[in-house]
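Just so you know, all these numbers are worked out from the coordinates, no wet-lab data involved. Note that this is a predicted model, so its numbers are computed, not measured. Methodologically, a virtual Cβ is constructed for each residue, glycine included, from the backbone with ideal geometry; neighbour enumeration extends over all protein chains shown.
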Amino acid sequence: MAAAENIGAGPVRAAHVFDVERLRNYLTAHAPEIKGNLEVQQFKGGQSNPTYLLLAGGEKYVLRRKPPGVLLPSAHAVDREYRIMNALRNTAVPVPRMLCLCEDSAVIGTAFYVMSCVDGRILWDADLPGMTPEQRRAHYGELNRAIAALHSVDAAKVGLADFGKPGNYVERQIARWIKQYRAAETERIEAMENLIDWLPKNMPQNTATSLTHGDYRFDNTIFHPTEPRILAVIDWELATLGDPVADFVYHCMSYRMPGSTIERMTDAEKTALGIPTEIEYRRLYCERTGRKDIPNFDFYMAFSMFRLAGILQGIVKRALDGNASSAQAAEHGKRTRPVAEAGWKQASKVVGGQTS
């Protein structure tokens, strides 16, 4: 994903305009620290929930809302995003400070929440261009640390024991994403049909449950302006109680996604650039979470790519319906087929006994 098209904020897109005066009245009552004249801009990045920059009283805040229009069932769960970030505020997982949640669609047309604005760097390219090998290794290490910290949080202790159903996570996720994909389907993709048939028949037993992010990657974190330190993990729309291995492997897709910069590199090239190899990165996560290994990695990779293809198909549908969050939605949606084909290639490795 190119950085230029995602960086910064500008005018609110026509499909996402709302009544600013009505928002200001709501914030006066529910987030009184937001004072002064209110100016609203829209962030360029993001494919799912429209995200806005609020400027008031010399301070900056962020508003994130459900998109307008007809939505897929259970999608765009801004209330769940708010809840998990609020619950994680005193843990080793860095998150923005939550200010208010509004589930009344009469205010700006859809549910939304407001949080503090975290200034820092969003790293859009996994090869981290412009960094030294030492800097790349440090940033990858911090990315690894934060997801390991999330999977180590005691959900009950932070009030999230009911944040999802324990057990059978992969089974439920496969069923959910088949349903979501069918609801957004615009063309037949043979690889997706193959995965829809194969995945339910080859599920490994889920042996652990933890809080999961659901879409963890570099560009869903905000790094300190100069240090290899994450200030906030963002974009928690898909968070739940789930299988931490599935969450981690999804986050490792850049190592195997055909055409990605990292996938094209040899291990020697990665090492020379300071990027850990997939094996090294997996080992680091295992050390931090007390695991010996990550079994069924290829299955989880196939599942992850299937899930990503389902997400991309949703972007395609929103683009066709005219309520996509990003101006580049249709272009990104074109990745659905190649991602599905990459997922079936991973499944074929399991079928062929070439697991890793």
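Some points to look at:
- Straight-distance crosslink candidates among lysines, where the alpha carbon sits under 25 Å from residue 165 and sequence neighbours closer than 8 are dropped: 66, 157, 179, 201
- Global form of the stretch 139-268, assessed from the alpha-carbon gyration tensor, a/c cut-off 1.5: oblate
- For residue 35, the lysines whose Cα comes closer than 23 Å to its Cα, not counting residues fewer than 8 places off in the same chain, are 60.
- At 1.306 mPa s and 10 °C, Stokes diffusion of the stretch 9-116 via Kirkwood alpha-carbon radius, µm² per second: 111 µm²/s
- Span-rule helices in the chain, defined as complete DSSP H runs reaching 18 Å or more along the axis (Cα) with Kyte mean at least 0.0: 297-321
- Normalised by the number of residues in the stretch 133-351, the mean separation of alpha-carbon contacts (under 8 Å, six or more apart) gives a relative contact order of 27 percent.
- Highest-first arrangement of 243-251, 205-213, where packing means the average Cβ count within 10 Å: 243-251, 205-213
- In the chain, the DSSP-assigned H stretches of four residues or longer account for a calculated mean residue ellipticity at 222 nm of -12500 deg cm²/dmol, using -39500 (n - 2.57) per stretch and the full residue count as denominator.
- Per-selection Rg to Rh, the stretch 133-351 - Cα, Kirkwood hydrodynamic radius: 0.95
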